[in-house]
1. Pop the C-beta distance of Ala352 and Glu45 into the FRET formula with R0 = 51 Å and round what comes out to the nearest 0.05.
2. Report the Stokes-Einstein translational diffusion coefficient (µm² s⁻¹, integer) for the chain, Rh taken as the Kirkwood radius over Cα pairs, at 25 °C with viscosity 0.890 mPa s.
3. Suppose R0 equals 22 Å; then what is the FRET efficiency for Trp87 and Ile66 from their Cβ-Cβ distance, rounded to the nearest 0.05?
4. For Met38 and Leu158 in one chain, what is 0.36 nm times their gap in residues minus the Cα-Cα distance, to one decimal in nm?
5. From Cα pairs below 8 angstrom and at least 6 apart in sequence, can you work out the relative contact order of the chain, rounded to a whole percent?
6. Based on DSSP, what percent of beta bridges with both residues in the chain are antiparallel, to the nearest 5?
7. Loop-only trypsin sites (Lys or Arg not before Pro) in the range 230-284, please: DSSP not H, G, I, E or B, and at most 13 other Cβ atoms within 10 Å.
8. Can you tell me the Rg and the Dmax, both Å, for the Cα atoms in the range 186-360?
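We did not get these values from a lab; they are worked out from the coordinates using the rules stated. All values derive from a computational prediction rather than experimental measurement. Cβ placement follows ideal geometry from the backbone for every residue including glycine, while neighbour counts extend to all protein chains displayed.
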Amino acid sequence: MPRSTSLRSGYTTGACATAATQGALLALISQRPVKAVMVRLPRGEQVTFTLHTCTYTADEGRSSVIKDAGDDPDVTHQAEICARVTWNADPGVHFVRGVGVGLVTKKGLSVPPGEPAINPVPRQMLTAAVHEILAHTPGYAPGVTLEISVPHGAALALKTLNPRLGIVDGISILGTTGIVVPYSTAAWEASVLQNIDVAMAQGCERLVFIVGGRGERFAQRLFPTLPDIAFVQIGDFFGNAVQHAAAAGVKHVTLASMIGKLAKFAAGHVSVHSKESAQDFTFLGGLAQQVGGSAALVTAVQQANTAQEVSELVATANVHTFHDLVCQTAWNHATTLMQPAYRFDVLLLGKAGEVLGQYQGEEARR
């Protein structure tokens, strides 16, 4: 298993579902329980999965895997990913939604409405695994019905963006490589980009990017007429969200953030996660100097411990245009990431949701 220097990698729900499916199908064919299976991941690696359960009758095979997300903070860590396989006279793999797997209800996702929330790459993995087993065991029906389920998946989904995306009553079966890299938060990033796509599919011409739930509550007070789907919690993925909005054809985006994350983005970072970008107090001191801050203020800013402290320092010194300059500098950075360009506004929010600074961009250039 690939490892970082100190953290343990894990496996995606898609890889676990594939292992469970192989176990279920092999048990159905052999009429014997299976203890472990070898799964081929999308990049070609072969990995052994130990099965948590494996049962069979003459008509069906069932198997499950306990998902190990390694050291990644994944809500599906230790979830049981289950597969039930039955024969089907029609060739191919016919996906059925089991308990705890979400149902897609909105356009804009990679899976159409009415389908179980099993993403394209996991579907490819599952289909390839079934076809490989059937190719080596002739004499059986040409197709199978495959039901993937996740006990307690509906409760786990409430901790994800699935309800906002129109994926109801369960989690999504995800993964593009089969491997979860610690703290890559790939599933969260994918959900952010899906949120943008779903909003566009619902006809939203204006989106509001916020970091999380608290920022969303603040932003909803500022933009009360926008639908919920127009508010996109982008987490730390500022750059990727800005870029994806351009690719998706968004016409107008407002980024509303408190100073901690926004200052990092203004300094030129694409991701503002603490593990990937540090606060640049020399940069912030330079901004304070540009707006006429005294030498003592500039020094205090450069020696500050947090961006919030910087905000309080400049407010006390009545250098209020500092916050506007942070917004303008963030806008400058954003415009280097969006091709084609669209209208982009920036709001810097205070701890109570008040607007401390802003910069309004030009109309979209298309």
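1. Efficiency, from the Cβ-Cβ distance: 0.55.
2. Details: Rh = 22.5 Å.
Using the Kirkwood radius from Cα pairs, D works out to 109 µm²/s.
3. Calculated transfer efficiency: 0.25.
4. Going from the current span to full extension adds 40.0 nm.
5. 13
6. 60
7. Lys275
8. Considering the range 186-360 through its Cα atoms, Rg and Dmax are 15.8, 51 Å.
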